[in-house]
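The values are calculated or read from the model by the stated rules, or taken from the named source; none is laboratory data. Just so you know, these numbers come straight off a predicted model, no measurement behind them. Cβ placement follows ideal geometry from the backbone for every residue including glycine, while neighbour counts extend to all protein chains displayed.
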Amino acid sequence: MKSFALLLVSVALIGAAPAPAPVPAEPYAQLKQIVAPVSGAEMKKTVAKLVSFGTRHTLSSQTDPKRGIGAALNWTEGQFKSFGLPTVRPCDTVTGRRIPTPTRVCDMVAIQRGTERPNDVVIIQGHIDSRVTDVMNFTSDAPGANDDGSGTAAVIEAARVLSKHKFPATIVYAALSGEEQGLYGGKILADYAKAQGWNVVTVLNNDIIGNSCGADGVCDDTHVRVLSEGPRSQGEVDLMAATHSLGGENDAPSRNISRFLDGLADHLDIGLDVRQIWRTDRFGRGGDHIPFLELGYPAARLSVAVENYNWQHQDLRTEKGVVYGDTIDHMDFNYLEKVAKLNIAALAAIASAPLPPEPKVEGAVSTDTTITWDAVWGAQSFRVLWRRTDANQWDHFRAATWADCTKARHGSDDPKEPLMNGWTIPHCKVVLPHVRVDDWVFGVSAVGGGFESPVASAVPGGAFKPYVAPEKKP
Ligand SMILES: [Zn+2]
């Protein structure tokens with residue numbers, strides 16, 4: 001009941017607020033403290049070690065103790081274990097266009113089990129495999145310093161820093177293989193998540209996050225691109241008619257992860273802004289977040305503001321005075337530190353916050369709009385947010401408390417207690433007078449322990465859970 005009393009302090013407000021609307025200031029102070037030890041110098045050591053394996057091509061040796069993908073995966077396992085984290089090595093034997101003979105492809109994954117809701121999972125991942133110009137060449141040196149030693153270093157740095165803390169939800173740290181051969185490692189981990197029954201709230205896929213200048217001399221070390229899908233790819237066909245009628249092409253959960261990261265970056269004061277890129281990946285290209293999207297798990301890719309195409313997927317060489325190759329001297333570790341800090345703050349925040357609810361909206365031919373949702377475990381309050389259909393960020397909000405919800409049959413308002421064991425889950429409802437449903441997009445977030453979840457939009461396919469088509473009546 002004590003926490004319920006606290007809720008009453010957050011007086012329900014209706015009206016406009018600057019984006020992103022403020023939840024208590026303390027979470028940002030706490031997040032700044034958590035990310036303070038994140039170190040570009042540490043990540044430089046990690047990248048140097050990864051480069052020292054010569055090549056990390058997926059088809060390179062799995063048994064050589066010094067050179068190849070096997071040695072790199074084993075070393076990563078040792079790093080995770082040195083932080084006290086249990087590890088798993090999900091594998092699959094695959095054959096494909098870029099894997100001519102059946103080959104064992106393995107990921108190295110550390111799991112930091114949540115203290116209260118271990119089945120709710122946030123994932124940070126990068127790919128540990130590397131390549132040169134010919135994607136089938138598994139013998140030449142392929143340092144892969146930035147692609148994707150940078151992402152792998154951020155994963156290991158996240159594990160180093162966050163393993164010193166405890167979180168209600170589970171954090172998974174993953175070094176994936178097989179990306180360059182066809183996103184195999186991402187698929188292996190996405191399938192593993194599904195087999196474990198994980199409730200994947202967010203996947204942060206980090207791929208090429210450690211350089212700040214392009215080949216044309218354009219530099220930018222103050223932005224990171226966050227790429228997110230538009231209409232959710234999983235269930236898209238089933239959702240098409242509803243999306244056509246009710247909208248939602250800009251409100252898949254991955255898009256709200258993008259908005260969440262954008263808002264978070266504004267509060268961290270690390271000299272880094274998010275550039276939201278509203279497409280699944282770079283033009284015509286792909287990454288390891290896509291296999292997660294295909295299973296309905298929210299996922300986004302983080303990548304540098306300015307890519308340098310001479311320094312990725314290239315044989316090491318100098319041609320007409322131009323240097324090619326993905327080497328460590330091309331990297332910017334101050335920049336990598338900032339991108340890692342944003343990732344790590346996001347992991348800590350989302351693993352601390354309750355799950356996003358699944359809101360519904362009504363109000364056609366009415367002067368009011370009604371938003372309803374079921375309460376979620378760990379929530380102490382909620383926020384209803386809305387924005388114009390052509391606005392990119394949530395900029396209006398109203399706080400909601402348990403006073404806006406039905407009582408759980410249990411009769412207790414202690415938000416720490418699990419809602420799921422035989423309880424009637426409280427049903428919450430907020431009416432916004434004089435707000436026309438036609439002109440806005442609506443969403444709801446949950447606040448618990450001072451941390452706010454990402455917003456789930458009240459649109460077809462907006463829920464953070466995989467879309468399940470309603471059963472058709474025979
Ligand atoms: Zn890559």
message: Tell me the residue from D315, D332, D326 that is away from the ligand (no atom under 16 Å from the Cβ), more than 27 Å from F451 (Cα to Cα) and touching a Phe, Trp or Tyr at 6+ places or on another chain (Cβ under 7 Å), please.
response: D315
field: Pairs, first over 20 Å from I277 (Cβ atoms) in region 381-401, second among the basic types (K, R) and part of a strand (DSSP E or B), C-beta under 6 Å, six or more apart
entry: V384/R398; D395/R387; F397/R383; A399/R383
message: Looking only at strands (runs of 3 or more DSSP E) that lie completely in region 263-319, which have at least 1 residues being under 19 Å from G178 (Cα atoms)?
response: 299-304
- request: Would you mind stating whether D107 is within 16 Å of the ligand (Cβ to nearest atom) and closer than 24 Å to N343 by Cβ?
  value: yes
message: Between a residue in region 225-247 that is within 21 Å of E362 (Cβ to Cβ) and any residue that is surrounded by 17 or more Cβ atoms within 10 Å (Cβ to Cβ) and among the basic types (K, R), which pairs come within a Cβ distance under 8 Å, given they are 6 or more apart or on different chains?
response: L239/R232
Unmet criterion (only one of (1) of a type in the set (D, E, K, R); (2) buried (at least 24 other Cβ atoms within 10 Å of the Cβ); (3) within 26 Å of Y309 (Cβ to Cβ)) for R232: (3)
- prompt: If you check R104 against the conditions, is it basic (K, R) and surrounded by fewer than 23 Cβ atoms within 10 Å (Cβ to Cβ)?
  reply: yes
task: At least 2 residues that are polar (S, T, N, Q) and at pLDDT 95 or above in each: list the strands (runs of 3 or more DSSP E) lying fully within region 369-466 that qualify.
output: 369-374
Count of region 323-343 residues which are in contact (Cβ under 8 Å) with a residue 60 or more places away in the chain and not in a helix (DSSP H, G or I): 5
statement: Inside region 147-165, the number of residues satisfying the requirement of being among the hydroxyl-bearing types (S, T, Y) and under 30 Å from Y324 (Cα atoms) is 2
- prompt: Can you tell me how many residues in region 214-267 are within 23 Å of M331 (Cα to Cα) and among the β-branched types (V, I, T)?
  reply: 4
